[in-house]
Amino acid sequence: MQIDLSNKTALITGSSKGIGLSIASKMLKANADVILNSRNNDELSETANTLRENFPEGKVNSAPFDLSETKDIPNWFEQVSNNYGPIQILVNNAGITHRETAKDIKQEDFNRVLKTNLNAVLVICQEFFLQLQNRPGKIINISSLISNLARETNVAYAASKGALNQLTRTLAIEWATNGINVNAIAPGFIHTDLTESLVNDEKFNHWVKTRVPMSRWGNPDDISSTAVFLASSEADYITGQIIYVDGGTIATI
Ligand code: NDP
């Protein structure tokens, strides 16, 4: 099956590095145009330039913005869509964590994680819905294995991703007859900047290598092919699903 995303534009949030960057690369490889986003403008420009070199046929635009500023999302989205759109594929990938026990976490830290990982997703999806004006579209939310499993010191992240699964399902059923597919990918333990400290933590690293059935950390490219598939017409009848890409972890623990 050769997936072709020609004449499609994908907005991928949090795509300066990690999983988002891998999704942007694979979408460009499948002939989509991409709009990159992150907070750090310099890093984003560098990523955009590298992608332009690697995919000279593709169109790569950058839309730096801090998604935790949820009230400004409508203006930002309108500008991005007017300048580089229309957008047919939305990948809500930007995400952060704050590692602290439930007993100690402060409201402001909890809220910051929720705003980025959950509230921002709803607002972008609402803007995307308006922009589509009943034309078909694909939404792919990047959830997590931790939407369904608990690990200590990750209360804000786990709460945000659990809610993101339910947001995904609700949008999917409400927008099914509008031709908008809404699905989530739930990655397992993937080696990126977000997890660098855990990879370097001997005890945690050992846990991953012994409890993940495939006995290894995933890498961003393990995740991005599923995003390309969900963005394509091959997935037109799939909506409201949470797809675990986790080396077998959820099946066993
Ligand atoms: P990285 O930390 O490598 O990348 C996160 C990206 O999001 C960066 O581009 C970052 O850029 C951007 N970002 C963070 N906050 C914001 C914000 N407020 N506004 C705009 N952009 C933002 O993380 P991963 O690639 O590992 O994670 C990507 C997604 O995958 C996240 O949603 C994460 O929860 C999920 N995930 C990751 C797993 C893993 O093991 N790595 C496992 C399960 C899920 P900048 O900081 O410059 O803004």
Within the set of pairs 6 or more residues apart or between chains, which connect a residue that is farther than 21 Å from LEU114 by Cα inside segment 70-81 to a residue that is outside any helix (DSSP H, G or I) and β-branched (Val, Ile, Thr) with Cβ atoms less than 7 Å apart? VAL80/ILE35; SER81/ILE87
Flag if SER232 is within 16 Å of the ligand (Cβ to nearest atom) and in contact (Cβ under 8 Å) with a residue 40 or more places away in the chain: no
Give the residues of segment 82-104 that are more than 18 Å from ASP66 (Cβ to Cβ), of a type in the set (S, T, N, Q) and under 19 Å from the mean Cα position of the chain (by Cα), sorted by residue number. GLN88
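Matching residues to (1) farther than 16 Å from SER144 by Cβ; (2) part of a loop (DSSP other than H, G, I, E, B); (3) of a type outside the set (Phe, Trp, Tyr):
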residue	(1), (2), (3)
LEU198	no, no, yes
ASN205	yes, no, yes
PRO213	yes, yes, yes
ASP222	no, no, yes
THR226	no, no, yes
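Results for (1) farther than 30 Å from ASP4 by Cβ; (2) modelled with pLDDT of 95 or more; (3) basic (Lys, Arg); (4) buried (at least 20 other Cβ atoms within 10 Å of the Cβ), shown as yes or no for each residue.
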residue	(1), (2), (3), (4)
ALA176	no, yes, no, no
ASN200	yes, yes, no, no
ALA227	no, yes, no, yes
ALA231	no, yes, no, yes
GLY240	no, yes, no, no
ILE250	yes, yes, no, no
Run down ALA24, ALA30, ALA63 and say which single residue is touching a strand residue (DSSP E or B) at 6+ places or on another chain (Cβ under 6 Å), more than 19 Å from ALA184 (Cα to Cα) and modelled with pLDDT of 95 or more. ALA63
Any idea how many residues of segment 1-42 are near the ligand (Cβ under 8 Å from one of its atoms) and aliphatic (A, V, I, L, M)? 2
Cross-chain or 6+ apart pairs with Cβ under 7 Å, segment 158-186 first and within 13 Å of CYS125 (Cβ to Cβ), then among the charged types (D, E, K, R) and surrounded by 18 or more Cβ atoms within 10 Å (Cβ to Cβ): ASN181/LYS138
Restricting to segment 42-60, what's the tally of residues that are loosely packed, with under 13 Cβ neighbours inside 10 Å and closer than 20 Å to GLY85 by Cβ? 1
Which residue is farthest from ASP193 (Cα to Cα), if the candidates are limited to segment 218-239 and must be among the polar types (S, T, N, Q) and within 12 Å of the chain's Cα centre (by Cα)? THR226
Can you tell me which residue in segment 13-29 is farthest from ILE140 (Cα to Cα), limited to those that are among the hydroxyl-bearing types (Ser, Thr, Tyr) and assigned to a helix (DSSP H, G or I)? SER25
Pull up segment 84-112, narrow it to residues that are more than 24 Å from SER25 (Cβ to Cβ) and of a type in the set (A, V, I, L, M, F, W, C), then point me to the one that is farthest from the ligand (Cβ to nearest atom). ALA102
Test each condition in (1) touching a Ser or Thr at 6+ places or on another chain (Cβ under 7 Å); (2) touching a residue at least 60 places away in the same chain (Cβ under 8 Å); (3) outside any loop (DSSP other than H, G, I, E, B); (4) more than 30 Å from ALA150 (Cα to Cα) for ILE87 and report the one that comes out false. (3)
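The values are calculated or read from the model by the stated rules, or taken from the named source; none is laboratory data. Because the structure is a prediction, the values reported are computed rather than measured. Glycine also receives a Cβ, built like all others from the backbone with ideal geometry; neighbour counts cover every protein chain displayed.
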